[in-house]
Amino acid sequence: MTPFLESHQTFFAQIAGFFIVEDRVLRTGGGLISKYEVENLWETAVIKMCSVLEDQFSRMQTANHLLLIKDYVSLLGVTLRRYGYLVDPLLDVLSKHRDKYHELLLSDCRKLIGEAVSADGFEQMLMKKEYEYSRDVLSFQIQTSDITPAFPYIAPFSSTVPDCCRLVKSFIEDSVSFMSYGGQLDFHDVVKKYLDRLLGEVLDEALLNIVKSNVHGVSQAMQVAANMVVLERACDFFFRHAAQLSGIPLRITEIKRSKFPLTSARDAAESMLSGLLKTKVNGFMSLTENINWMADEAPPNGNEYVNEVIIYLETLVSTAQQILPVQVLQRVLQEVLSHISEKILGILAGDLVKRFSINAVMGIDVDIQLLESFAENQSNLFTDVESNQLKSGLVESRQLINLLLSNQPENFLNPVIRERSYNALDYKKVVTIAEKLKDPSDRYFGSFGGRGAKVNTKKKSLDALIKRLKEAH
């Protein structure tokens with residue numbers, strides 16, 4: 001009448017003891033008991049044990065309870081197999097319930113991971129002692145250097161990282177523990193299958209929900225984005241750890257290596273951070289309302305808005321490099337510069353700007369030069385390739401201005417030249433914007449002599465380009 005969870009150890013121990021004695025009697029009893037009788041007894045006992053296990057496992061709703069029972073069933077199987085008893089039916093019951101066990105384990109982890117990420121304040125962790133560094137960093141191989149830092153040490157991640165790492169590591173060890181019964185060796189694929197689900201479904205979903213609901217402000221968004229980079233290193237450790245516990249050579253895990261499973265959360269974090277920065281930049285871009293689109297002279301130092309934007313970006317970089325990994329900072333800055341480029345084109349193509357002069361175009365050219373210089377000045381943070389990628393965020397506005405200032409705008413129609421010099425431009429935007437370029441009057445350009453004729457020629461070339469583009473499309 002005792003609940004099975006409390007009595008299973010005695011239950012299996014008594015059965016094991018009984019059949020060990022029966023085996024000894026069979027070997028020493030001089031024919032008092034036959035082998036056939038012992039086999040019949042064992043067959044009856046196995047049927048009864050399998051029935052009990054099926055019934056108990058079907059009603060259990062806690063992963064740890066299944067693991068406890070499994071341990072004793074496995075112990076009974078290993079013990080009695082040495083005495084020649086057939087234990088495969090018992091092990092088949094364990095195999096039959098491995099999916100249920102892992103589903104319960106996933107459910108437990110979903111709750112614990114949700115609680116861990118919800119409790120995070122998104123502030124960098126302070127580690128005062130070496131044991132804290134060993135516990136929260138070295139245990140999951142997420143360090144970036146083999147040199148132990150000086151303490152107190154400010155980690156580049158918040159509490160979400162070590163808290164979730166502990167839960168994932170425990171999940172792996174519990175999964176391996178359940179699968180290692182009956183002496184079977186080839187269970188790595190099962191462990192990896194459920195590890196993929198834990199990371200790709202449970203952890204990714206929990207982080208994604210936090211990004212959407214609990215992250216407020218640029219600093220928190222930066223911290224979450226920084227956490228993702230650390231978790232990427234942690235995921236490499238998780239797959240190695242699962243392989244090692246499963247007895248699989250690491251070189252095989254490299255061949256079967258999964259892609260980063262937290263891509264949805266990572267992309268959402270970086271998208272949120274980029275969105276917050278773009279919103280801030282939009283405030284400075286509103287200063288384009290002060291631009292004199294029909295100016296008599298081009299502003300030599302750029303327009304007001306661009307100076308404000310660059311001050312903000314420089315301040316941002318100074319702060320962000322203390323939190324964000326370089327690769328994330330580069331991607332986010334490129335997104336922001338691309339946004340600025342799109343805003344410039346949007347302003348020129350929009351309804352608020354009816355006409356503009358070549359001097360206004362030259363002013364925008366200076367603005368873009370200043371933004372390009374900002375990108376180039378980040379070479380102390382980024383590699384040459386990353387700096388070029390950063391600068392490429394401005395490619396659309398740069399190509400448009402180059403086209404408007406070109407002495408041969410009709411080259412836009414040449415497929416080879418267009419692919420090389422204007423491949424980021426959409427012909428509809430080109431037509432819309434180019435049509436707004438003011439045709440210089442004799443009065444306006446009369447005092448400039450040849451310059452007026454040169455600009456007038458440029459306008460005629462643009463008019464010809466617009467006409468041919470409309471005919472082609």
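The values are calculated or read from the model by the stated rules, or taken from the named source; none is laboratory data. If you're wondering where the values come from, they're calculated on a predicted model, not measured in any experiment. We place every Cβ from the backbone using ideal geometry, glycine too, and count neighbours over all the protein chains shown. Surface areas here come from the heavy atoms of the whole protein model, side chains and all, with no ligands, DNA or RNA. Shrake-Rupley method; radii C 1.70, N 1.55, O 1.52, S 1.80 Å.
The table below lists the values:
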quantity	calculated
Cβ-defined net charge surrounding residue 363, 11 Å radius [Lys, Arg +1; Asp, Glu -1]	-4
Scaled radius of gyration (Cα, divided by 2.2 N^0.38 Å) that region 197-255 gives	1.43
Local electrostatic count at residue 263 - Lys and Arg +1, Asp and Glu -1, tallied over other residues with Cβ under 11 Å	-2
Equivalent ellipsoid, region 325-416 (semi-axes from 5 times Cα gyration tensor eigenvalues, Å)	27, 15, 12
Label point distance in nm, residue 141-residue 100, each placed 7 Å from Cα along Cα→Cβ	3.6 nm
Debye intensity ratio I(q)/I(0), log10, region 243-393, q values 0.17, 0.20 Å⁻¹ (C-alpha model)	-1.00, -1.23
Charge tally in the Cβ shell below 15 Å around residue 393, where Lys, Arg are +1 and Asp, Glu are -1, residue 393 excluded	-3
Value of Rg/Rh across the chain [Cα atoms, Kirkwood radius]	1.23
Protection proxy ranking of 407-419, 259-271, 222-234 - average other beta-carbon atoms within 10 Å, highest first	222-234, 259-271, 407-419
Sparsely packed GluC sites (Glu not before Pro) within region 72-178, loop by DSSP, other Cβ within 10 Å at most 16	123
Accessible area (Å², per residue) of the chain, counting only protein heavy atoms and a probe of 1.4 Å	50 Å²
Net lengthening on full extension, residue 58/residue 267 (0.36 nm per residue, minus Cα-Cα)	71.3 nm
Cleavage-rule hits (trypsin sites (Lys or Arg not before Pro)) in region 60-114: DSSP loop, at most 11 neighbouring Cβ within 10 angstrom	82
Relative intensity, log₁₀ I(q)/I(0), of region 380-439 from a Debye sum that treats every alpha carbon as a point, q = 0.16 Å⁻¹	-0.57
Radius of gyration and maximum dimension Dmax of region 88-129, Cα, Å	18.2, 54
The chain: DSSP helices with Cα axial extent of at least 18 Å and average Kyte-Doolittle hydropathy no lower than -1.0	4-28, 35-59, 63-81, 98-118, 160-179, 218-245, 263-285, 304-320, 326-349, 358-376, 450-472
Segment residue 123-residue 295, extension gain: residue separation times 0.36 nm, minus the distance between their alpha carbons	57.1 nm
Expected 222 nm ellipticity per residue - DSSP helices of 4 or more, -39500 (n - 2.57), all of the chain, to 500	-22500 deg cm²/dmol
Trypsin sites (Lys or Arg not before Pro) restricted to region 293-393 and DSSP loop, no more than 16 other C-beta within 10 Å	354, 355
Where Rh is the Kirkwood radius over Cα pairs, Rg/Rh for region 123-184	1.13
Once the Cα gyration tensor of region 228-301 is diagonalised, semi-axes √(5λ) in Å	52, 13, 8
Candidate aspartates and glutamates - alpha carbon under 13 Å from residue 96, same-chain residues fewer than 8 apart omitted	54, 55, 88
Quotient of Cα Rg and 2.2 N^0.38 Å for region 31-109, N being how many residues it contains	1.28
Carbon + sulfur, % of accessible area of the chain - ligands and nucleic acids excluded, 1.4 Å	51 percent
Label point distance in nm, residue 68-residue 389, each placed 7 Å from Cα along Cα→Cβ	5.1 nm
Accessible heavy-atom area order of 293, 42, highest first, probe of 1.4 Å	293, 42
Dipole of the chain, positive direction: furthest Cα of 313, 40, 56, with charges on the beta-carbon	313
In Å², nearest 10: area of residue 109 left accessible to a 1.4 Å probe	10 Å²
